[in-house]
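The values are calculated or read from the model by the stated rules, or taken from the named source; none is laboratory data. Everything quoted here is computed from the prediction, not taken from an experiment. Here the Cβ positions follow ideal geometry from the backbone for every residue, glycine too, while neighbour counts run over all protein chains shown. For accessibility, only protein heavy atoms count, side chains too; no ligands or nucleic acids. Shrake-Rupley method; radii C 1.70, N 1.55, O 1.52, S 1.80 Å.
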Amino acid sequence: MSKILVFAEFQNDKLKRSSQELLQFAAKQGSPVVALALGTHAASAKDQLGHNGASEILFSGSADFDQYNPELFTAIVAEQIEKSGATIVLASASSLAKDLFPRVAAKIGAGLASDGTELSISGGQAKVKKPMYSGKCFATASFENCKTQIVLMRANQLPVVAADTSKTAT
């Protein structure tokens, strides 16, 4: 069974809706879901992450992660992906993630699909539909010959339901 890691982003100490989408989608796949949170807000986010589907949380509460630093973020995210054993990594297609994850993919030899509008996971393989040529056509991306698959999804593409407050994460 593949493990899914979701890179959680926050705004004003609240989990971004795009991260909620990804956590809830990942939780429905039946695989263990690991959330990765960075920055001083990370320690207080345990409940938000757990209520939205994370079964495990990796975090660094260091103030060094409050502002984006490409070298620092690349090193820690790549290390945590490898340490967690995740085979699928999900993140929103934010400006931070679009800068960070190509670097991470290059560092760990992962496949990367960006700007996804539809996502399906079956048998540990992700398939991503993404627009091309200003939305005039679409392509479906899949991954071959890579241990780790990284998918950056556009915001507001997956459904979000109310957080389940009975769920918790470790």
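How much accessible area per residue does region 13-170 have, counting only protein heavy atoms and a probe of 1.4 Å, in square angstrom?
Working: 7770 Å² over 158 residues.
For region 13-170, the per-residue accessible area is 49 Å².
Suppose every Lys and Arg Cβ carries +1 and every Asp and Glu Cβ carries -1, with no other charges. What dipole size does region 44-121 come out with about its Cα centre, to the nearest 20 debye?
Working: 5 positive and 10 negative charges, 25 e Å.
With Lys and Arg at +1 and Asp and Glu at -1, about 120 debye.
Take every DSSP beta bridge whose two residues both sit in region 27-166; close to 45 percent of them are antiparallel.
Residues whose amide H lies under 5 Å from that of residue 112, counting only those 5 or more places away or on a different chain, are 150; hydrogens are built 1.01 Å from N in the peptide plane. Extending 7 Å from Cα along the Cβ direction at residue 71 and again at residue 13 yields two label points whose distance is 3.2 nm.
Sites counted here are trypsin sites (Lys or Arg not before Pro) in a DSSP loop (not H, G, I, E or B) having no more than 14 other Cβ atoms within 10 Å; the longest part of the chain that contains none of them is 29-135.
Rounded to the nearest 500 deg cm²/dmol, what is the calculated helix-only ellipticity per residue at 222 nm for the chain, with -39500 (n - 2.57) per DSSP H run of length n ≥ 4? Present the calculation step by step, with values, prior to reporting the outcome.
Numbers: 4 runs with 46 residues, N = 170.
Helix-only estimate at 222 nm: -8500 deg cm²/dmol.
What percent do you get for the relative contact order of region 86-142 when only Cα pairs under 8 Å and 6+ apart count? Spell out each step's value before the answer.
Details: 58 pairs, mean separation 13.0, N = 57.
So the answer I get is 23 percent.
Just so you know, the Rg over Rh for region 11-170 is 0.94, from Cα atoms, with Rh as the Kirkwood radius. Between amide H atoms placed 1.01 Å from N, distances below 5 Å from residue 143 occur with 126, all of them 5 or more places distant or on a separate chain. Comparing 43, 155, 63 in a Gaussian network model of the chain (Cα springs below 10 Å), the most mobile by mean-square fluctuation is 63. For residue 6, the amide hydrogen comes within under 5 Å of the amide hydrogens of 34, 35, 36, 90, counting only partners 5 or more places away or on other chains and with H modelled in the peptide plane. From Cα pairs below 8 angstrom and at least 6 apart in sequence, can you work out the relative contact order of region 1-79, rounded to a whole percent? Answer for region 1-79 is 29 percent. Largest GNM mean-square fluctuation across 96, 72, 22, computed for the chain with C-alpha springs under 10 Å, falls on 72.
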